[in-house]
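See below for the structure under consideration.
The values are calculated or read from the model by the stated rules, or taken from the named source; none is laboratory data. Just so we're clear, the structure is a prediction, and the values are computed from it rather than from any experiment. Every residue, glycine as well, gets a Cβ built from its backbone with ideal geometry; the counts of neighbours run over all protein chains shown.
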Amino acid sequence: MTNAAIIEHDTNLTQTSANAGNARTRSPVARLGSTFLCSNFSFISIALVFALSRAILRYKDQSIKTNELVFWAVVWGGVICVAIFPSIFVTLSKFLGIGRGVDTLIYTGMIILFYALFRIYVKVEAQQREMTKLVREIAIQNPVHKKK
């Protein structure tokens, strides 16, 4: 069978079927698409639950503080909710007057990334100041005299 014949057969099968939702009457492409979506959703859900569990483990070994755990739990919980209910961004985009849900997702992601970049910048600057202060104190306590 040629590709055109397969497409025509699938179209006729889907159009003439009294019950288009039945798995036997759906086209192979549609069946493949739903399987692909389901497997991707499962993979994404597992990855997000794994990321959330990593944050909890970092809290248990005291690598992060309580407020950091709450932050990451909210972030990963939010991402899990969006993965389960993607229409959240469509509703949010309509409320904000943005064209599409994907645009809202991109804008939100950019805002979060810029905020994270700002926080990292502030922390690096504070560490640099602290390191400079410590080096000066050590240099004053242990002067090095050059021999002539």
Inset, instruction - Report yes if Ile80 is outside the structural domain of Lys60 (by TED's automatic domain parsing), in a helix (DSSP H, G or I) and surrounded by 10 or more Cβ atoms within 10 Å (Cβ to Cβ), otherwise no. - result: no
Inset, instruction - Could you please let me know if Val144 is assigned to a helix (DSSP H, G or I) and not assigned by TED's automatic domain parsing to the domain that holds Phe43? - result: no
Legend entry - In region 41-64, residue nearest to Gly77 (Cα to Cα) [restricted to those that are among the charged types (D, E, K, R) and surrounded by fewer than 11 Cβ atoms within 10 Å (Cβ to Cβ)]: Lys60
Legend entry - Near pairs, Cβ below 7 angstrom, 6+ apart or cross-chain, from region 123-135 (in contact (Cβ under 8 Å) with a residue 40 or more places away in the chain) to any residue that is exposed (fewer than 10 other Cβ atoms within 10 Å of the Cβ) and hydroxyl-bearing (Ser, Thr, Tyr): none
Inset, instruction - Could you tell me which residue of region 91-106 is nearest to the chain's Cα centre (by Cα), considering only residues that are surrounded by 14 or more Cβ atoms within 10 Å (Cβ to Cβ) and without any contact (Cβ under 8 Å) to a residue 12 or more places away in the chain? - result: Ser93
